[in-house]
Amino acid sequence: MDHKKRLGYLIKKMNIVMDKHFNETLASTDLTKSQAELLLFLHRNSDKQMTQKDIETYYHISNPTVTGLINRLEAKGYVERVISSDDARKRIIVETKKAKNLHSFLKQGSIEFNELLLSCLTKDEQKQLTDLLWRVLENMEGEGKC
């Protein structure tokens, strides 16, 4: 089968192009796409005490990967590790004022990118594509129990 017709190839290629675009947009902030996504996640969940484990679970990534992301964001002054008020053994990951000041830029960039991504499709096609991709994702997360 032609590699261009394989869904896995297409999804991987889309991910590479999206990462490149995001990283170029974020260059002035000294953030990567992964770091910006983590900051947006923390902002969306600022009403909760988010631990490193919560981040690992949500993104389906390993402990060392999350540790690296948090370490780099902490070194840049975007997040802090604080002791949980509920359990002194837990460290909560919180965004700093520097991260909060960047939130509107990150959110707007995400909205504009989504619009660019879907701009070649009609509203019906956009909905259909989104619905189909969610269905495929749920199928894969459920180990093929579509």
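Residues in the stretch 64-79 include at least one that is outside any helix (DSSP H, G or I), surrounded by fewer than 17 Cβ atoms within 10 Å (Cβ to Cβ) and more than 15 Å from the chain's Cα centre (by Cα). Considering the conditions (1) in contact with a strand residue (DSSP E or B) (Cβ under 8 Å, 6 or more places away or on another chain); (2) open to solvent by less than 30 Å² (accessible area, probe 1.4 Å); (3) acidic (Asp, Glu); (4) without any contact (Cβ under 8 Å) to a residue 40 or more places away in the chain, Glu56 is excluded by exactly one of them, (1).
Taking the condition open to solvent by less than 80 Å² (accessible area, probe 1.4 Å), under 30 Å from Thr29 (Cα atoms) and not small (Gly, Ala, Ser), does Leu121 pass? Spelling it out, it is not the case that Leu121 is open to solvent by less than 80 Å² (accessible area, probe 1.4 Å), under 30 Å from Thr29 (Cα atoms) and not small (Gly, Ala, Ser). The residues of the stretch 19-50 that are open to solvent by less than 20 Å² (accessible area, probe 1.4 Å) and under 22 Å from Arg89 (Cβ atoms), listed by number, are Leu42, Met50. Among the residues of the stretch 89-146, those identified as without any contact (Cβ under 8 Å) to a residue 24 or more places away in the chain and among the acidic types (Asp, Glu) are Glu112, Glu115, Asp124, Glu125, Asp131, Glu138, Glu141, Glu143.
Output the residues belonging to the stretch 90-124 that are assigned to a helix (DSSP H, G or I) and among the small types (Gly, Ala, Ser). Correct list: Ala99, Ser104, Gly109, Ser110. Could you go through the stretch 83-98 and let me know if any residue there is within 18 Å of the chain's Cα centre (by Cα), open to solvent by 70 Å² or more (accessible area, probe 1.4 Å) and modelled with pLDDT under 95. No, the conditions are met nowhere in the stretch 83-98.
The values are calculated or read from the model by the stated rules, or taken from the named source; none is laboratory data. In this text the structure is predicted, and so the values were computed from the model without any measurement. Ideal geometry is used to build each Cβ from the backbone, glycine not excepted, and the neighbour counts take in all protein chains shown. Just so you know, the surface numbers come from the protein's heavy atoms only, side chains and all, with ligands and any DNA or RNA stripped out. Shrake-Rupley method; radii C 1.70, N 1.55, O 1.52, S 1.80 Å.
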